[in-house]
Each structure stands twice: as C-alpha cells, then as structure tokens.
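The values are calculated or read from the model by the stated rules, or taken from the named source; none is laboratory data. In this text, all values refer to a predicted model and were calculated from it rather than measured experimentally. Every residue, glycine as well, gets a Cβ built from its backbone with ideal geometry; the counts of neighbours run over all protein chains shown. These accessible areas exclude ligands, DNA and RNA; they are computed on the full protein's heavy atoms, side chains included. Shrake-Rupley method; radii C 1.70, N 1.55, O 1.52, S 1.80 Å.
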Amino acid sequence: MSLKNLGDVSYFRLNNEINRPINGQIPLHKDKEALSAFFAENVHPNTKSFDSITDKIRFLIENDYIESAFIAKYRPEFIEELSQSLYDFDFRFKSFMAAYKFYQQYALKTNDGEAYLENIEDRVLFNALYFADGNEKLAHDLAMEMIAQRYQPATPSFLNAGRSRRGELVSCFLIQVTDDMNSIGRSINSALQLSRIGGGVGISLSNLREAGAPIKGFAGAASGVVPVMKLFEDSFSYSNQLGQRQGAGVVYLNVFHPDIIAFLSTKKENADEKVRVKTLSLGVVIPDKFYELARKNQDMYLFSPYSVEREYGIPFSYIDITEKYDELAANPNIIKTKIRARDLETEISKLQQESGYPYVVNVDTANRANPIEGKIIMSNLCSEILQVQTPSQINDAQEFVKMGTDISCNLGSTNVVNMMASPDFGRSIKAMTRALTFVTDSSSIEAVPTIKHGNSQAHTFGLGAMGLHSYLAQHHIEYGSPESIEFTNIYFMLMNYWTLVESNNIARERQETFVGFDKSKYADGTYFDKYVTGQFVPKSDKVKELFKDHFIPQAADWQALRQAVMKDGLYHQNRLAVAPNGSISYINDVSASIHPITQRIEERQEKKIGKIYYPAAGLSTDTIPYYTSAYDMDMRKVIDVYAAATEHVDQGLSLTLFMRSDIPQGLYEWKTESKQTTRDLSILRNYAFNKGIKSIYYIRTFTDDGDEIGSNQCESCVI
C-alpha cells in the first residue's frame, strides 16, 4: 500500500469513533484499535526490512540517506549492542496520534515516499550516536533517555540528526535592527537566509527612527517602522522553503516608541491593505514604567529613538526607560509626543481580543532576573528566549565595523511524566545537557554572522518541559492548586540545579567558560543567594511523597555548587527555556508544554486527511475531574503555575492565555458581565506582571461559534 494513499484505511475511521459516545461513555478503546490498525495496515507493510542494523546503516549510507562520519566514530559492535538495547526496551506508542505523528513527520522515508526506512528505535539510535559525538557511554545514556521518553530533542534536532540531506539542528533565531539603512538591508537579507533554512525569526525594530523623524537633516523624511515591517513580511513570504512552508517572523517594538499605535494597527482586520500585515506576528516590549503610568491613569510620553540615540550615543533599545523616564521627559533635546497610558493599554487589549497579538515582553522583569552583564531587548517567535544581545555597526559596503551578538535557539524538552519515574533525575539532566551542548557547538549559521558570533560566545541552550498537566491529572492534583504550584517549583529547581552542575563540569573539563562569565552573577556567587537559604525543598506531604525517590539539594549542596561555579565557571550562558511544544508532545503522548489542555478529546485537522482525535494522556474516569480545559480555568491559576517555574528559569516560558468570548459566570471574580472585555485582558497582563512573569505568548480566544482566535502556532517555533 502506498504511503501517499492514506485516506482509504480503517484506522482513521476507528480513531474518529472516539468522538461518538456510547451510552454516554467515551469509547477510548477505539484509539487503541486505531493504533493497532495503523501498524497493521500502514507501518508494517510499508517498512523496508533489513537483516541487521549494520545492513540497514550500510544501505542508508550508500544511498545517501545518512552521513557516514558520525557512524565511523563508533565500533560496529557497539552500534549493534546499542540498537539491540533499544529494541529490548520494547517501546510502544500509547496513542494513534503519537504513532501517526512520528511516522508522518519524523521517520526517514525512501526518496519516492513509498516506504519507511526507520522506526522510532532507529531514529533514537541515530540521534544518540550523533549527539554523543563518539562517546559510547553518553550515546548509551542518551539512547535510554530518549527511548524512555524522558528527553525529547526539538523537532529540527530530532528530525535531522544524522541525515545526509538535512536541515539545521535549530529553527529559531533572534536579530536586531539598528537605525540605519545598512542594518535594515542586512537584516532583511538575514531574514531571507534564516527563512530559507526553516528558521522562525524574531526581529527588534525598537531602534528605528519614527515616522516623520529627520533623515540627514531633512525633517519629516523618515517613514517609520511600518514600511520595514512590510519588507520583512514580503521576505518571509518569498523565502518559503521550496513552497513547502511559509516563512515565519515576529517583530517587536517598545511601547514608548512613537510608532506604537501604527505598529499595532497593522494587525487590525479593518487595516488598510497598504499597511496591514497578515502573516507577520507582533510583539511589544513593555518596561515597568508603562504599568505604573497606566495604573495611575496618567499621560505617557513616546520618545523619538532618533533623538534619544543622538543624545545618549546608544540605540533606543539599550536605554532603561523606567530609570530614565523623567530625565527623558524633561530633556528639551528629546523629541516626544504625549498619549494616555490607559488608551494604549486598551489598544493592546483590543488587538489581543481580535487577533491574539501582540506578544508581551516585560523587559525590566526579564533584566532584573538576568544574571548576565548586558541587556535583554526582545524575544523570539514563541516568547520563551530571553538573552542579552549587543548591536552591530555596518558600513556602506555591508561589512561589520563592529560585530554584535544575536541568538539561535538550541532547544529540547523533558517529559515531566517520565522524568518523575527516572531512576536518576540528575543523570538524566546531565545527559540532556551534553546533547544540547553538542547542538550549540555544532550550530554555525554562516549566512548570518551575528548569530554565529553570538552562539560561539554564549554556548546557550533552552531545556524545557512538557506534560505537566498530564502528570498532575494522573496524580489527582488540580492544575493551579497549591500542590501543583509547589510541585512545579521543585521540578524546575531540580532542572536548574542539575544543568548548572553539568555546565560547571563541562567548563572544568574544557577549561572554557562562556564569554562574559567573569562579569556575571554566577562568577561573584550572588546568583546562588536565594538557594543557599535551603528554602527550595518540598513542604507539603503530597509533594514530599512525589519527590521521595529523588535527590533534593539542601543549602549545603547549593553552597558547594556555588563554590565550584565561582572556581571553574559555567560553559553555557543560558540553560533553561520552556517552549510551547508541538508535535513532540504528541509523540510523547503528554500535554503540551506546562500549560493546561484545551480539550479532553482534542480535535486536530490534519492536511489531506481530515480530523484526528487525541484523548488526553491517561484519560479515565479517575482523571477526568482533573483534566479541566484551559478555557474553563481562571487564567490566574495558569499564571501562578508559570510564576513558580519562572523562579528557576534563566530565560523565559512561552505562556499562552486562554479566554472565552463568553466567559462562564463566576470564572473570574472581578467580572460583572458574561462577555470577555478588554478590561479582562488588562487585568490578566497586570496580574502576570505583578507575579514576575517575563513574557506572554498568544492570547487564544474560544469564540461562540467554536473558532479559536490566536491558535495559528508557528511550525518553525513550536518545538
């Protein structure tokens, strides 16, 4: 049977029967039947067989499916043994969606698409061998972490590892534009190049002079940020990876930029086609001062980036507006305009209600928590990457007079459900840290030198988590309850501790730290002040029981780690970030990221196939009460959970807020009406700000007719 002819089969019919209750009961067994039928009708008949893994590897190398170099780093007998260990694990997909996603999206296929050349054991094997870079012990450890689904590399890494005709191991990048034509031109070229290789791109436009600013002394000559936004949108549309997938980008603008209203207006449904952006995402960078002015219902000044840079000699993004606000307002050399802060707050809420945009970066919150010298000025396409950047200077020959630093997102994720069953939590995290170190060391984006430069200096990665709601429900813990918040706090504390331990080990082995370590809060030890108090330990009986088989570092352990880091350093500038997750959460059969599920039986529309139904992991009579939909949950509970994780995450977390256009009575105690209002969104953004949330991703609104606004997650970024 041809892989191209997937519609005329029984497994889709069986899967769809999940959505047809029998005597009021969900027929979950139909998903198991669909899973069995999928293997019987699709996988087994269409998988090319080999006598041994050695024969398979020989065939794949000879026919240019995988690289030979990484295979040559290992003894043939070791590869045979490791492959056998993976098969002995007896892995089984738990749902039809998990198996379908793996075989359609990740498994290597013949050039004509007619046969599978890999199963999950083979893909895990090649990932482990590739990331271990010849280290047999590490290869074994990584293979066991992945087959047990405790660790899941991001889609570009998991998909491309070992393949000879592969894409990049990363698919998410951040670049900034400075206020000159050379930088604009270079950045547009960078966006084209990054989109060509499958990258989702975050772009900061805050440094650009506003519409009406002078150019070479001619007043009113500048066109502002909107035309530049259109250029970027056209670039992403043009560079669409051979027509397979639209390029994807997000542009960020500071709320104190004079073009902020025009910037937001480009996403409105009734915007003029000359300025409207359809596919480009929007994000706003919000300093603390904005929240203060809005809270006090005061006017706010919007400051000209052109005059600010002329006065202070640095790009607008690098001015601390909260600190300098009164000084900027009083300075006659700074061109400024005045608006009502609450009017802008309302505009942001209206647009979020209408489109799901803009994303929000609470930039002062992010920088207060940042242990690295320098400034965070923006985020990425999913709002979880928060790292320092430095601007470049480019001459008329498009050469770098001064090379700045930009960012690539080197991502992976833990599976909370399976990590909590790990025989050794620390060993698991150490292996993951080694794998992600290989990714960051191997990433070299030649076409965008600032990203290559930044990555080579920082050695950053972002290890995250998925399956939090699955784990909580399966242990009869309500999402957003005190126990769920405490659990989240301890889980991410452990991730922080063990990535620090292994980053320190790598720095000691290599005698190398990230550039700027000596000026960081790690180097002087102050980063560890809150940990050496010993406060981050389980306190409730429930959470103590959940962690009883895991080592919990005490004050003395943190003190010892502080001393080791101060002595030998850290190899990685950044280590933790929680992405939204996409297909990888399906193949792991857990809830995505650390947010709540949206449906107990999720309905997904698959291209060329139709609807597929995915029951929440472990859904049963016992767990149904704990699988509350995000749309039926007070979003402050979600914010509380994310705030607990944020305590330990050195970058950010992709926080989606889920709203209903018709909010059930009593869901939010401040509401007196049943319809969602812009005030609800303003309240939630302020609540998140006061809880220390660094960024907010989409606002997804479930409308009366069953549609979701803001649900078009970007494939380049959901890992």
Touching a Phe, Trp or Tyr at 6+ places or on another chain (Cβ under 6 Å) and of a type in the set (S, T, N, Q): which single residue out of Ser484, Ser520, Ser503 fits that description?
Ser503
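Conditions tested, residue by residue: (1) within 31 Å of the chain's Cα centre (by Cα); (2) surrounded by 18 or more Cβ atoms within 10 Å (Cβ to Cβ); (3) assigned to a strand (DSSP E or B).
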{"residue": "Asp51", "(1), (2), (3)": "no, no, no"}
{"residue": "Thr54", "(1), (2), (3)": "no, no, no"}
{"residue": "Arg58", "(1), (2), (3)": "no, no, no"}
{"residue": "Ile61", "(1), (2), (3)": "no, no, no"}
{"residue": "Asp64", "(1), (2), (3)": "no, no, no"}
{"residue": "Ile79", "(1), (2), (3)": "no, yes, no"}
{"residue": "Asp90", "(1), (2), (3)": "yes, no, no"}
{"residue": "Glu118", "(1), (2), (3)": "yes, yes, no"}
{"residue": "Asp122", "(1), (2), (3)": "yes, yes, no"}
Only one of Val360, Val416 that is open to solvent by less than 10 Å² (accessible area, probe 1.4 Å), within 20 Å of Val201 (Cβ to Cβ), hydrophobic (A, V, I, L, M, F, W, C) and in contact with a helix residue (DSSP H, G or I) (Cβ under 9 Å, 6 or more places away or on another chain):
Val360
Kindly indicate whether any position in the range 473-487 is of a type in the set (D, E, K, R) and either under 20 Å from Asn574 (Cα atoms) or touching an Asp or Glu at 6+ places or on another chain (Cβ under 7 Å) (or both).
no
Selected residue (criterion: nearest to Ser195 (Cα to Cα)) from residues of the range 264-288 that are in a helix (DSSP H, G or I) and open to solvent by 20 Å² or more (accessible area, probe 1.4 Å)
Ser265
Scanning the range 368-382 residue by residue, those open to solvent by 30 Å² or more (accessible area, probe 1.4 Å) and either in contact with a Leu (Cβ under 8 Å, 6 or more places away or on another chain) or in a strand (DSSP E or B) (or both) turn out to be Lys375
May I ask you to verify whether Ile385 is under 27 Å from Met146 (Cβ atoms) and in contact with a strand residue (DSSP E or B) (Cβ under 9 Å, 6 or more places away or on another chain)?
yes
With respect to Tyr571, determine if the residue is among the aromatic types (Phe, Trp, Tyr) and more than 23 Å from Asn489 (Cα to Cα).
yes
Residues being open to solvent by 10 Å² or more (accessible area, probe 1.4 Å) and in contact with a Ser or Thr (Cβ under 7 Å, 6 or more places away or on another chain) - total across the range 124-144
0
Index of the failed condition, Arg163 passing every other in (1) modelled with pLDDT of 95 or more; (2) touching a strand residue (DSSP E or B) at 6+ places or on another chain (Cβ under 8 Å); (3) crowded, with 23+ Cβ neighbours inside 10 Å
(3)
By residue number, the members of the range 197-242 that are within 31 Å of the chain's Cα centre (by Cα), assigned to a loop (DSSP other than H, G, I, E, B), of a type in the set (A, V, I, L, M, F, W, C) and buried (at least 21 other Cβ atoms within 10 Å of the Cβ) are Leu205, Leu208
Got a number for residues in the range 66-77 being among the hydrophobic types (A, V, I, L, M, F, W, C) and surrounded by 14 or more Cβ atoms within 10 Å (Cβ to Cβ)?
3
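Listed here are the residues, each with its yes/no results for (1) crowded, with 22+ Cβ neighbours inside 10 Å; (2) without any contact (Cβ under 8 Å) to a residue 12 or more places away in the chain; (3) small (Gly, Ala, Ser).
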residue	(1), (2), (3)
His469	yes, no, no
Leu472	yes, no, no
His476	no, no, no
Ile485	no, no, no
Thr488	yes, no, no
Phe492	yes, no, no
Trp498	yes, no, no
Ala507	yes, no, yes
Gln511	no, yes, no
Whichever residue in the range 179-196 is closer than 22 Å to Val308 by Cα and not small (Gly, Ala, Ser) and, among such residues, is surrounded by the most Cβ atoms within 10 Å (Cβ to Cβ)
Asp179
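Counting just the residues of the range 674-713 that are among the β-branched types (Val, Ile, Thr) and surrounded by fewer than 21 Cβ atoms within 10 Å (Cβ to Cβ), which one comes out modelled with the highest pLDDT? Lay out the reasoning, then the answer.
Going through the range 674-713, the residues among the β-branched types (Val, Ile, Thr) turn out to be 677-678, 683, 693, 696, 699, 701, 703, 709.
Keeping just the survivors that are surrounded by fewer than 21 Cβ atoms within 10 Å (Cβ to Cβ) gives 677-678, 683, 703, 709.
Numbers: Thr677: 80, Thr678: 85, Ile683: 95, Thr703: 68, Ile709: 65.
Filtering first and then ranking leaves Ile683.
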Taking first residues from the range 313-336 that are closer than 22 Å to Asn362 by Cβ and second residues anywhere that are part of a loop (DSSP other than H, G, I, E, B) and among the aliphatic types (A, V, I, L, M), the pairs with Cβ under 6 Å that are 6 or more apart or on different chains are Ser317/Ile377; Leu328/Ile334
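Being open to solvent by 10 Å² or more (accessible area, probe 1.4 Å), farther than 30 Å from Thr460 by Cα and out of contact with any Lys or Arg (no Cβ under 7 Å at 6 or more places or on another chain) narrows it down to one residue among Tyr306, Tyr312; which is it?
Tyr312
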Check the range 318-338 and report whether any residue there is assigned to a helix (DSSP H, G or I), closer than 17 Å to Ile377 by Cα and in contact with a strand residue (DSSP E or B) (Cβ under 7 Å, 6 or more places away or on another chain).
yes
Out of Ser428, Ser392, sole residue that is open to solvent by less than 10 Å² (accessible area, probe 1.4 Å) and in contact with a helix residue (DSSP H, G or I) (Cβ under 9 Å, 6 or more places away or on another chain):
Ser428
Only helices (runs of 4 or more DSSP H) wholly contained in the range 383-461 count here; list those with 3 or more residues that are over 30 Å from Asp141 (Cβ atoms).
449-458
Does at least one position in the range 231-250 carry a residue that is in contact with an Asp or Glu (Cβ under 9 Å, 6 or more places away or on another chain), outside the structural domain of Tyr130 (by the TED database) and among the aliphatic types (A, V, I, L, M)?
yes
Across the range 302-345, the tally of residues that are within 18 Å of Thr390 (Cα to Cα), touching an Asp or Glu at 6+ places or on another chain (Cβ under 9 Å) and among the hydrophobic types (A, V, I, L, M, F, W, C) stands at 3
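So that you can scan it fast, the table gives a plain yes or no per residue for (1) within 26 Å of the chain's Cα centre (by Cα); (2) closer than 22 Å to Asp343 by Cα:
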| residue | (1), (2) |
| --- | --- |
| Leu169 | yes, no |
| Leu174 | yes, no |
| Ser183 | no, no |
| Ile260 | yes, yes |
| Leu264 | yes, yes |
Qualifying residues in the range 97-116 (those that are outside any helix (DSSP H, G or I) and of a type outside the set (A, V, I, L, M, F, W, C)) - the one surrounded by the most Cβ atoms within 10 Å (Cβ to Cβ):
Tyr116
